[in-house]
Amino acid sequence: MECPVALTSTDVARLADLARIDLTVKELEQFAGELGVVLDAVAQVSAAARPDIVPTSHALNLTNVFRDDVVRPSMPLADVFAMAPAVEQDGDSTWFRVPRILGEAA
Amino acid sequence: MSRDELLEFDEVVAAFDPVIGLEVHVELATLTKMFCACSTRFGAAPNSQVCPVCLGLPGSLPQVNGQAVESSIRIGLALGCSIATWCRFSRKNYFYPDMTKNYQVSQYDEPLCYDGSVEVDVDGELITVPIERAHMEEDAGKSVHVGSLTGRIEGAEYSLMDYNRGGVPLVEIVTKPVLGTGAGAPAVARAYVATLRDIVRALGVSDVRMEQGSLRCDANVSLMAKGTTTLGTRTETKNLNSLKSIEKAVRYEMCRQGAILAAGGRIKQETRHWHEDGSYTAAGRSKEEAEDYRYFPEPDLVPVAPSREWVEALRATIPAPPRERLAALREQWGFAEPEMRDVAAADAVDLVAATIAAGAAPQAARKWWMSELMRRANAAGLGLADLAITPAAVAQVQGLIDEGRLNDKVAREVIDAVLAGEGTPREIVDARGLAVILDTSALQAAVDAQIAGHPDVAERIRAGKTQAVGVLIGAVMKQLGGQADAASVRALILATLEG
Ligand SMILES: [Zn+2]
């Protein structure tokens with residue numbers, strides 16, 4: 001099987017940008033190496049993959065696992081907002097409050 | 001306000017061939033969300049319909065709503081699509097506060113439904129719109145932007161999130177590029193979405209109300225120089241909240257792009273937003289490119305593999321296309337083409353059908369909905385279906401007229417009373433004593449009194465000037481407070497004078 005191309009710090013910088021994570025140059029190099037090891041390990045699966053083995057995306061060999069369309073109680077509001085970093089309330093209405101969306105580095 | 005240079009529409013279609021593509025999101029009317037048992041009820045208090053699954057809390061696991069899969073397959077079948085024998089959900093990764101998970105569960109390269117087509121009637125001409133795919137996904141939450149003057153995201157200090165809508169099942173229906181529509185492109189875009197809405201509504205799987213967001217449309221537009229076959233760079237316009245705005249936005253983009261291309265410029269591939277107030281499009285925030293979504297198969301869900309038996313059983317539930325149904329109903333009701341077109345355009349087909357089913361003659365049912373009730377709906381800014389009157393009540397009013405118990409004028413009064421919530425037409429007629437006078441002796445007495453009171457008029461009628469009878473009819477009606485049938489009064493006057 002072909003070997004995956006080694007991950008460069010440019011690749012890691014791109015992924016970090018998409019994931020909105022700030023990394024230093026030193027960290028970019030460090031993660032390029034560490035993520036490369038992970039990719040190599042996962043690539044070993046290719047050695048076992050023969051044409052007669054169907055690629056899989058799930059551990060269970062099942063299909064059509066469906067739920068009935070029946071409403072069950074949602075979470076109590078107190079539990080929902082116990083997790084919220086910031087909340088705004090107006091009468092019976094409560095929202096998650098999030099920082100301004102535009103204006104962050106694009 | 002728009003600052004765009006615009007080329008005249010006629011000049012655009014003389015120099016370019018427009019290519020349109022439409023992406024429509026339909027919110028399914030299931031009771032629960034796509035992957036959890038939270039209610040989908042509209043209008044609940046913010047964040048009162050959320051759980052660990054739709055909030056994306058660690059350790060929670062999604063479960064597919066079988067009803068949503070069934071509704072999606074039925075939509076695909078109604079659009080003439082093939083149904084996948086095996087397909088998976090995928091994660092679409094992006095960072096935006098409308099999704100707490102930082103990914104949306106959607107379908108990527110394995111849509112549930114693919115390769116269909118829709119026949120669209122554009123002013124009597126049939127156009128085939130090819131369907132690329134219809135796939136399942138989950139809706140995102142809703143945000144309110146605070147601190148900006150306009151309520152828009154630009155200039156907002158912060159935003160408030162309501163995740164009740166997050167996880168509600170959606171079907172996204174994507175057309176292939178539609179070529180060759182020329183100057184008709186804006187009308188085709190509008191007619192396609194109207195047809196799609198009618199098809200989905202007939203299936204009963206969604207409210208498909210654009211103003212409430214249960215049907216949302218994005219329009220892709222590009223221009224191809226005449227004589228070339230290379231597709232131009234396209235823009236995607238969002239925020240199209242009505243059929244009218246779809247038509248106007250496609251036209252606007254054609255004129256805007258035409259001006260840029262005619263001046264030797266290049267179109268920037270971007271997302272634009274329709275501004276209904278000024279009728280123009282404006283560039284939105286720059287969006288991540290498709291490959292940046294890093295789709296991968298959703299590892300928490302097993303594949304969906306609809307059996308052919310299931311698909312065929314669902315195919316048997318698909319009603320005839322609305323266009324065929326309309327043609328059959330037109331035939332059955334004896335409506336002229338323009339009459340039927342007006343009824344369909346007013347979304348009154350089901351109302352008229354129900355009124356006929358409740359006993360009214362087809363033309364009478366049509367007239368009530370398309371004139372009296374239409375006028376009242378327009379005055380109140382409502383749709384016909386939102387009026388506080390049922391088809392059965394309309395049929396009952398017509399029945400009272402047919403029985404001779406109401407005349408047209410009093411019937412309109414009864415309609416107003418029904419709309420005011422005073423009861424059924426029969427109850428109102430009885431309570432208000434509105435029925436026309438059927439008692440022949442009472443009618444005869446009034447006729448005799450008015451003939452005696454207008455000897456000169458009576459003489460003229462006897463002499464053959466029957467048009468003078470109008471004076472006597474008016475006098476009799478006035479004496480009876482309008483509660484008589486004018487035709488009967490006329491007949492009775494003439495008979496009395498001849499006798
Ligand atoms: Zn939930």
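The values are calculated or read from the model by the stated rules, or taken from the named source; none is laboratory data. Please read all numbers here as calculations on a predicted model, not as lab measurements. All Cβ positions, even for glycine, are placed from backbone atoms using ideal geometry, and neighbour counts span all protein chains on display. Surface areas here come from the heavy atoms of the whole protein model, side chains and all, with no ligands, DNA or RNA. Shrake-Rupley method; radii C 1.70, N 1.55, O 1.52, S 1.80 Å.
So here's what we get for this one:
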quantity: Test: residue in segment B:50-60 that is within 27 Å of the chain's Cα centre (by Cα), surrounded by fewer than 18 Cβ atoms within 10 Å (Cβ to Cβ), within 13 Å of the ligand (Cβ to nearest atom) and over 19 Å from A:TRP95 (Cβ atoms); calculated: no
quantity: Total residues in segment B:408-434, condition in contact with a helix residue (DSSP H, G or I) (Cβ under 9 Å, 6 or more places away or on another chain), outside any helix (DSSP H, G or I) and open to solvent by 20 Å² or more (accessible area, probe 1.4 Å); calculated: 3
quantity: From A:PRO85, A:PRO51, residue being more than 29 Å from B:ALA305 (Cα to Cα) and assigned to a loop (DSSP other than H, G, I, E, B); calculated: A:PRO85
quantity: Qualifying residue in segment B:17-33 (condition: at pLDDT below 95, away from the ligand (no atom under 16 Å from the Cβ) and more than 7 Å from chain A (Cβ to nearest Cβ)); calculated: no
quantity: Pairs with Cβ under 6 Å, 6+ apart, first in segment B:136-149 and in the same structural domain as B:TYR163 (by TED's automatic domain parsing) and modelled with pLDDT of 90 or more, second open to solvent by 50 Å² or more (accessible area, probe 1.4 Å) and part of a loop (DSSP other than H, G, I, E, B); calculated: B:ASP139/B:ARG165; B:GLY141/B:ARG165; B:LYS142/B:ARG165
quantity: Top-ranked residue in segment B:439-476 [being modelled with pLDDT under 90 and outside any helix (DSSP H, G or I); ranked as most open to solvent (accessible area, probe 1.4 Å)]; calculated: B:LYS465
quantity: Pairs with Cβ under 9 Å, 6+ apart, first in segment A:57-79 and more than 7 Å from chain B (Cβ to nearest Cβ), second charged (D, E, K, R) and not in a helix (DSSP H, G or I); calculated: none
quantity: Some residue of segment B:82-89 being over 22 Å from A:PHE66 (Cα atoms), of a type outside the set (Ser, Thr, Tyr), away from the ligand (no atom under 16 Å from the Cβ) and over 27 Å from the mean Cα position of the chain (by Cα); calculated: no
quantity: Residue pairs meeting the criteria (Cβ under 6 Å; at least 6 apart or on separate chains; first within 11 Å of B:ALA134 (Cα to Cα), in segment B:65-87; second among the basic types (Lys, Arg) and at pLDDT 95 or above); calculated: B:LEU77/B:ARG315
quantity: Residue, farthest from the ligand (Cβ to nearest atom), within segment B:162-182, restricted to residues that are open to solvent by less than 30 Å² (accessible area, probe 1.4 Å) and assigned to a loop (DSSP other than H, G, I, E, B); calculated: B:THR181
quantity: Which listed residue is within 30 Å of B:ARG323 (Cα to Cα) and touching a Pro at 6+ places or on another chain (Cβ under 6 Å), from B:VAL53, B:VAL13, B:VAL26, B:VAL19; calculated: B:VAL19
quantity: Any hit, segment B:299-310, residues being open to solvent by 30 Å² or more (accessible area, probe 1.4 Å) and touching a Lys or Arg at 6+ places or on another chain (Cβ under 7 Å); calculated: no
quantity: B:VAL69 vs. criteria within 16 Å of the ligand (Cβ to nearest atom), β-branched (Val, Ile, Thr) and either under 26 Å from the mean Cα position of the chain (by Cα) or over 29 Å from B:THR271 (Cα atoms) (or both); calculated: no
quantity: The one condition in (1) more than 13 Å from chain A (Cβ to nearest Cβ); (2) away from the ligand (no atom under 16 Å from the Cβ); (3) over 22 Å from B:ILE20 (Cα atoms); (4) open to solvent by 40 Å² or more (accessible area, probe 1.4 Å) that B:PHE95 fails to fulfil; calculated: (1)
quantity: B:PHE42 within 16 Å of the ligand (Cβ to nearest atom) and open to solvent by less than 40 Å² (accessible area, probe 1.4 Å); calculated: no
quantity: Top-ranked residue in segment A:88-106 [being facing chain B (nearest Cβ under 8 Å), of a type in the set (A, V, I, L, M) and in a loop (DSSP other than H, G, I, E, B); ranked as least open to solvent (accessible area, probe 1.4 Å)]; calculated: A:ILE101
quantity: Condition met for B:ASP4 (within 16 Å of the ligand (Cβ to nearest atom), at pLDDT below 95 and acidic (Asp, Glu)); calculated: no
quantity: Residue count, segment B:15-37 (criterion: touching a residue at least 40 places away in the same chain (Cβ under 8 Å) and open to solvent by 50 Å² or more (accessible area, probe 1.4 Å)); calculated: 1
quantity: Condition met for B:ALA379 (assigned to a helix (DSSP H, G or I) and either farther than 25 Å from B:ALA328 by Cα or open to solvent by 40 Å² or more (accessible area, probe 1.4 Å) (or both)); calculated: yes
quantity: Filter result (within 16 Å of the ligand (Cβ to nearest atom) and open to solvent by 100 Å² or more (accessible area, probe 1.4 Å)) within segment A:42-87; calculated: A:ASP68, A:ARG72, A:PRO73
